[in-house]
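The values are calculated or read from the model by the stated rules, or taken from the named source; none is laboratory data. All figures in this text were calculated on a predicted structure; none of them were measured in a lab. Note that we place each Cβ from the backbone using ideal geometry, even for glycine, and neighbour counts take in every protein chain shown. These accessible areas exclude ligands, DNA and RNA; they are computed on the full protein's heavy atoms, side chains included. Shrake-Rupley method; radii C 1.70, N 1.55, O 1.52, S 1.80 Å.
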Amino acid sequence: MSFFEIIDPAFGKFVMGNAPVKQLATGFDWVEGPVWFGDANCLLFSDIPNNRIMRWTPGTGISIFREPSNFSNGHTRDRQGRLVSCEHGGRRVTRTELDGSITVIADSFDGKRLNSPNDVVVKSDGSIWFTDPHYGIMTNYEGFQAEQELPCNLYRVDPQNGEMQVMVGDGNCPNGLAFSPDESLLYMADTGRMFSDDPQHIRVFDVSETSLSGGDVFHVIAPGCADGMRLDIDGNLWSSAADGVHCIAPEGHLMGKILVPEVVSNICFGGRGLHQLFITATTSVYAVSLNRAGISPTG
Ligand code: MG
C-alpha cells in the first residue's frame with residue numbers, strides 16, 4: 001500500500017516513497033494540539049477527554065506532561081519558547097512560564113466568559129491569536145457543559161497591553177489557525193456546528209498589524225474538515241482531513257494526501273530540520289518524514 005496519494009505531480013517531490021506513516025503511540029481517546037519542542041527533543045499533545053497533556057520523546061516514548069490539563073486542546077510556543085495553551089475546562093488561554101508557573105492570557109471578553117478556546121498561534125510581534133468555538137462546552141466529554149455566553153470569534157491579544165480584540169466575528173465555529181511564512185496571510189478554518197449542514201471551509205485573510213481584510217473561502221476540505229493546519233516554508237498549507245492530511249497549494253488546489261487510518265485532528269512540523277510531520281488522529285499519534293520543511297515559531 002502507498003501512504004500517499006499524488007494529485008499534483010509536484011506533490012511527488014514533497015514525499016518519499018520509502019518513508020512510512022508510522023504510529024508512534026495509541027490508546028488515547030481524542031488527541032489534538034501537537035506542538036514540537038526541538039530544544040527538548042519532544043512532542044507535546046492533548047488527550048482531551050482524558051484531561052491530560054502527553055509527551056512523546058524519540059527513543060523513550062510516551063509520558064504524561066500535565067494532568068489534569070483543564071481539558072487543554074490546541075498548543076503553540078511563543079518566540080521565547082514558552083508553551084501557550086487553549087483550555088476547554090478553564091475556558092481560557094494560558095502561558096506556561098519557563099519556571100513552570102501559569103499565566104492567564106485571556107478568559108473573558110466584554111465581561112463574559114470565553115466559550116472554549118480551541119487553537120492558537122503567536123505572531124512574531126508577540127500578539128496571540130486564538131479561536132473560541134463552543135465545542136468544549138457542548139458536553140462534559142471534552143470539558144464542562146455550559147451555556148455559551150459569547151459568539152464564536154477569532155481574537156487577538158495585544159502583546160503590549162494585553163487587550164483583546166475581535167478579529168473575525170462573522171464566523172460560525174472558527175477552529176484551526178495558521179499564518180503564512182511571511183505572516184501576510186492568516187488561514188482560519190471554520191468547522192461549523194457538529195452534525196449539521198453548516199459549511200466547513202478554510203478562509204484566508206490579508207493581515208495588517210492589527211486588522212484583517214478579505215476572508216474569502218480558500219479551500220474546502222473533503223472528506224472531513226480543517227481542524228488543524230500548518231504551513232511549510234514555501235507557503236503550502238497542510239491540513240487535517242477525515243482520510244489523512246491534505247496538502248493545499250498557495251493557489252488553493254489540492255496537491256496530494258498523506259493517508260492516515262484514523263480521522264486526523266491536527267498536525268505540526270518537528271524533528272530534525274522540521275522535516276517531520278506529526279499527526280494527531282483520534283486515538284493515535286503518527287509521524288512521517290517529508291522532503292519538505294515546515295515553519296515553526298521556535299523550532
Ligand atoms: Mg481544533
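Okay, residues lined up against (1) among the β-branched types (Val, Ile, Thr); (2) more than 16 Å from the ligand (Cβ to nearest atom); (3) open to solvent by 50 Å² or more (accessible area, probe 1.4 Å); (4) touching a residue at least 12 places away in the same chain (Cβ under 8 Å):
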| position | (1), (2), (3), (4) |
| --- | --- |
| 86 | no, no, no, yes |
| 100 | no, yes, no, no |
| 107 | no, yes, yes, yes |
| 118 | no, no, no, yes |
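Can you tell me which residue is nearest to the ligand (Cβ to nearest atom) among those in segment 22-64 that are among the polar types (S, T, N, Q) and open to solvent by 50 Å² or more (accessible area, probe 1.4 Å)? Among those residues, the one meeting the criterion is 50. Checking the condition closer than 17 Å to residue 176 by Cα and open to solvent by 10 Å² or more (accessible area, probe 1.4 Å), which residue from 216, 197, 234 passes? Going through 216, 197, 234 in turn, just one is closer than 17 Å to residue 176 by Cα and open to solvent by 10 Å² or more (accessible area, probe 1.4 Å): 216. Given the criterion acidic (Asp, Glu), touching a residue at least 12 places away in the same chain (Cβ under 8 Å) and open to solvent by less than 50 Å² (accessible area, probe 1.4 Å), identify the matching residue among 149, 142. Every option except 142 fails the conditions.
Selection of segment 252-286 for residues being small (Gly, Ala, Ser) and not in a loop (DSSP other than H, G, I, E, B) yields 256, 270, 273, 281, 284. Regarding residue 93, is this residue assigned to a strand (DSSP E or B) and closer than 18 Å to residue 47 by Cα? When the stated conditions are applied, residue 93 passes them. One residue stands out in segment 261-276 among those that are more than 16 Å from the ligand (Cβ to nearest atom) and open to solvent by less than 10 Å² (accessible area, probe 1.4 Å): the one that is nearest to residue 14 (Cα to Cα), namely 269.
Any idea which residue in segment 237-251 is most open to solvent (accessible area, probe 1.4 Å), counting only those that are more than 17 Å from residue 186 (Cβ to Cβ) and either within 16 Å of the ligand (Cβ to nearest atom) or in a strand (DSSP E or B) (or both)? Per the stated criteria, the residue is 242. Summed over segment 53-82, residues that are part of a strand (DSSP E or B) and free of Cβ contacts under 8 Å to residues at least 12 places away in the same chain total 1. For segment 287-299, the set of residues classified as open to solvent by less than 10 Å² (accessible area, probe 1.4 Å) and not in a loop (DSSP other than H, G, I, E, B) consists of 287, 288, 294, listed by residue number. Determine which single condition residue 256 fails, assuming it passes every other condition in (1) within 14 Å of the ligand (Cβ to nearest atom); (2) touching a helix residue (DSSP H, G or I) at 6+ places or on another chain (Cβ under 8 Å); (3) not charged (D, E, K, R). For residue 256, the exception is condition (1).
Any residue in segment 171-182 that is out of contact with any strand residue (DSSP E or B) (no Cβ under 8 Å at 6 or more places or on another chain), surrounded by fewer than 21 Cβ atoms within 10 Å (Cβ to Cβ) and not acidic (Asp, Glu)? Checked against the condition, which is being out of contact with any strand residue (DSSP E or B) (no Cβ under 8 Å at 6 or more places or on another chain), surrounded by fewer than 21 Cβ atoms within 10 Å (Cβ to Cβ) and not acidic (Asp, Glu), segment 171-182 yields no hits at all. Residue 181 falls short on exactly one of the conditions (1) under 26 Å from residue 234 (Cβ atoms); (2) within 15 Å of the ligand (Cβ to nearest atom), and that condition is (2). What do you reckon, is residue 230 of a type in the set (D, E, K, R) and closer than 23 Å to residue 262 by Cβ? When the stated conditions are applied, residue 230 passes them.
Just for segment 277-293: of the residues that are within 16 Å of the chain's Cα centre (by Cα) and of a type in the set (Val, Ile, Thr), which one is nearest to the ligand (Cβ to nearest atom)? It comes out as 280. Here 187, 155 are screened, and the one residue that is under 22 Å from residue 246 (Cα atoms), outside any loop (DSSP other than H, G, I, E, B) and within 16 Å of the ligand (Cβ to nearest atom) is 187.
Condition check ((1) more than 20 Å from residue 132 (Cα to Cα); (2) of a type in the set (Val, Ile, Thr)) across all residues:
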site	(1), (2)
15	yes, yes
43	yes, no
62	yes, yes
67	yes, no
71	no, no
107	no, no
